């Protein structure tokens, strides 16, 4: 199975469990691997036959803008479910990083895989 990549997609959202975090937007940085068979799209040079990473990226930005969660884990789980449903993605790996959440670390976050490859 082939993989479409979206790397270092930055989104701003309300995320965090502390009261002060519930009133501000914070940046999350996402990396995605999305399983698909790119051969039909490559054969016909046809965007409609593959995963449109621009459309997926726009949907992720919209999702982040319209939702707020306490946990990065919840954000990742709900985003993965939405992407799989709306874009018919059989398998994905999603890494969500929250830069600056821990002063001594560049970022903290989670990496999840959902579906069958």
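Rule-based calculations on the coordinates, nothing more; no lab input. A quick note: this is a predicted structure, and the numbers were derived from the prediction, not measured. Cβ placement follows ideal geometry from the backbone for every residue including glycine, while neighbour counts extend to all protein chains displayed.
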task: Arrange the following residues from fewest to most other Cβ atoms within 10 Å of their Cβ: 37, 31.
output: 37, 31
field: Choice from 35, 90, 105 showing the highest fluctuation, given a GNM over the chain with Cα pairs closer than 10 Å
entry: 105
field: the range 1-106: antiparallel DSSP beta bridges as a percent of all, rounded to 5
entry: 90
query: If we count other beta carbons within 10 Å of each Cβ, what is the order of 15, 60, fewest first?
result: 60, 15
- request: Please report the relative contact order for the range 2-115, taking Cα pairs under 8 Å with a sequence separation of at least 6, and give it as a percent rounded to a whole number.
  value: 28
- prompt: When all C-alpha to C-alpha distances in the range 2-115 are sorted into bins of 5 Å, what percent of pairs does each bin hold, rounded to whole numbers?
  reply: 2, 11, 22, 23, 17, 11, 7, 4, 2, 1, 0
